[in-house]
Amino acid sequence: MFMMINTSFHFFFIWLIDHQGQQNQKWYVADITRSDAEVALRNINQDGSFLVRDSSKKSVQQPYVLMVLYHNKVYNIQIRYQPETHVYFLGTSLKGNEDFTSVTDIVDYFKRMPLLLIDGKDRCSKKQCMLTYAAGTL
């Protein structure tokens, strides 16, 4: 029982610190459903449209999801948090290629550098795009 309370508190603490930097960002939509977020991306209908939403898992290790529209397909990329080192990284692996100190740093980086997009149904299909159009205003 103590671990659950401790984990919940830690998640809230991380959420509070991180939200101070991203809550005013046009790309952050907080706690909306995956389908509502997809509608927001498709309303813009431009390659590179993106937003960040709270993960439905609501865990310390996976607090957010980066959603990107590219070639009429929506990619959902997990944003992971490593509490031991206080860094964020993208994807499903235990260790990403790049570490970031905040979600804002992730977005800023991939506005300048191409983001690798891997189709969950076809792992061989790899595309790249940069984050271009913030779709956070619903």
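With respect to the numbered conditions (1) within 22 Å of I44 (Cβ to Cβ); (2) surrounded by fewer than 19 Cβ atoms within 10 Å (Cβ to Cβ); (3) in contact with a Gly (Cβ under 7 Å, 6 or more places away or on another chain), which one is the sole condition not fulfilled by S102?
(1)
Report yes if G96 is modelled with pLDDT of 85 or more and of a type in the set (G, A, S), otherwise no.
no
I'd like the full set of residues that are assigned to a loop (DSSP other than H, G, I, E, B) and open to solvent by less than 50 Å² (accessible area, probe 1.4 Å), limited to the range 85-99. So that I can check it myself, show each step before the final result.
Step one: filter the range 85-99 for residues assigned to a loop (DSSP other than H, G, I, E, B), giving 85-86, 91-99.
Residues satisfying the conditions are G91, G96.
The values are calculated or read from the model by the stated rules, or taken from the named source; none is laboratory data. Note that the structure is predicted; figures quoted are calculated from it, not measured. When we count neighbours, we look across all protein chains shown, and the Cβ atoms used for this are built from the backbone with ideal geometry, even at glycine. Protein only, heavy atoms only, side chains kept; ligands, DNA and RNA dropped before computing areas. Shrake-Rupley method; radii C 1.70, N 1.55, O 1.52, S 1.80 Å.
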